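Take a look at the structure set out below.
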Amino acid sequence: GLGDNAGAVNILQGILKKNPDFSNARIRLGALYTQMGRLEDAAAEFEETRIRGWGSPIVNDANRALSSIYALAQGNEMKMKVEDGLINKVKKPLVQDPDNYDAWSRLALLYGIFANKNEAQNAYENVVRIKPQDTHALEILAGLYDDGNNFAKAESTYTKALDSAKDPAARQVIEQKLVMVSGKKAFDEKKMDVAEVKFKEAVASSPQNYT
C-alpha cells in the first residue's frame, strides 16, 4: 500500500543521499513515485538519472520512463518545469562561486541533454575559461561553434583542443574535425583552392565518413 511505498521512498532517498550516482536506486525511486501518482517527482528522478548516467545503458531505461510520464502528463509544461528545476538546482553554487568548475560542467551537460545549444555554448565557454586544458569541453564547444556556422571560432577552439589532447585516438578525431572546419572556413571566405585542399584532406583521413 501507500505506507509501504512511503517507507521504500525514505530508504531510497537515504541511499541516494549517501551515493547520488547510484542509478539503479534512482530509477527505482522514480518508478515508486510513478506508482504513487507523483509524476513530477518521478520525472525529476529519471531526468537526474539521464544526467548522472550519461553514456551508460541505464539512460535508455530513464528515457523510456520519461517518455511514458510526459505522455501521461500530456505535453511540455511538466517537462519544462522539471528541466527548469534541475537547472536551478545546478546553478545554485554559482551564486556563491561563479568559478565553480563542477557546476558549470554539469550545467553544460544539462543544456546539451535538453538541446539548448545557446545556453550549452555559454556554459562550455565558462568551463574552458576556468579550465583551459579541458579537452572534452573544448571539443564540444568547437562543435557548437561549428553548428552555429562560426567557423573561425570553431577552428581556433579545435586547435586548443588538439594542443591539450594527450590520447592519440582523441587527437586523431579532433584533427579530422579541425581539417573539416578549416575547409568550411576557407569556403566561407571564398578561398576555394584552400577549401578544396582541406576537404580532400578530410576525406582522405576518414573516408568512411564521406562515402
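Within the range 45-69, the set of residues being part of a helix (DSSP H, G or I) and open to solvent by 30 Å² or more (accessible area, probe 1.4 Å) comprises 45, 50, 52, 60, 61, 63, 64, 67, 68. You will find that of 55, 112, the residue that is free of Cβ contacts under 8 Å to residues at least 60 places away in the same chain and at positive phi is 55 and no other.
Against the numbered list (1) surrounded by fewer than 16 Cβ atoms within 10 Å (Cβ to Cβ); (2) at pLDDT below 95, residue 129 comes up short only at (2). The set of residues in the range 70-80 that are loosely packed, with under 14 Cβ neighbours inside 10 Å and either under 19 Å from residue 37 (Cβ atoms) or modelled with pLDDT of 85 or more (or both) comprises 71, 72, 74, 75, 77. Take residue 158 and tell me if it is within 20 Å of the chain's Cα centre (by Cα), among the hydroxyl-bearing types (Ser, Thr, Tyr) and more than 28 Å from residue 86 (Cα to Cα). So residue 158 fits the description; yes. Which one is modelled with the highest pLDDT, of the residues in the range 109-126 that are closer than 13 Å to residue 83 by Cα and among the small types (Gly, Ala, Ser)? Only one residue tops the list, namely 112. Evaluating residue 198 against the criteria (1) of a type in the set (Lys, Arg); (2) surrounded by fewer than 15 Cβ atoms within 10 Å (Cβ to Cβ); (3) touching a Gly at 6+ places or on another chain (Cβ under 8 Å) leaves one unmet condition, (2). Of all residues in the range 91-122, exactly one satisfies the criterion of being acidic (Asp, Glu), part of a helix (DSSP H, G or I) and out of contact with any helix residue (DSSP H, G or I) (no Cβ under 7 Å at 6 or more places or on another chain), namely 102. Among the residues of this structure, residue 28 does not count as one that is over 26 Å from residue 140 (Cβ atoms), surrounded by 16 or more Cβ atoms within 10 Å (Cβ to Cβ) and out of contact with any helix residue (DSSP H, G or I) (no Cβ under 7 Å at 6 or more places or on another chain).
Looking only at helices (runs of 4 or more DSSP H) that lie completely in the range 142-211, which have at least 2 residues being under 20 Å from residue 118 (Cβ atoms)?
Numbers: elements: 151-164, 168-188, 192-205.
Correct list: 151-164.
Pairing each residue of the range 128-153 that is in contact (Cβ under 8 Å) with a residue 12 or more places away in the chain with any residue that is assigned to a loop (DSSP other than H, G, I, E, B) and open to solvent by 50 Å² or more (accessible area, probe 1.4 Å), provided the two are 6+ apart or on different chains, yields C-beta distances under 6 Å for 130/99.
The values are calculated or read from the model by the stated rules, or taken from the named source; none is laboratory data. It should be emphasised that the depicted structure is a prediction, and the values quoted were computed from it without experimental measurement. Positions of Cβ are generated from backbone atoms using ideal geometry, with glycine treated the same way; all protein chains shown enter the neighbour counts. Note: areas computed on protein heavy atoms with side chains; ligands, DNA, RNA excluded. Shrake-Rupley method; radii C 1.70, N 1.55, O 1.52, S 1.80 Å.
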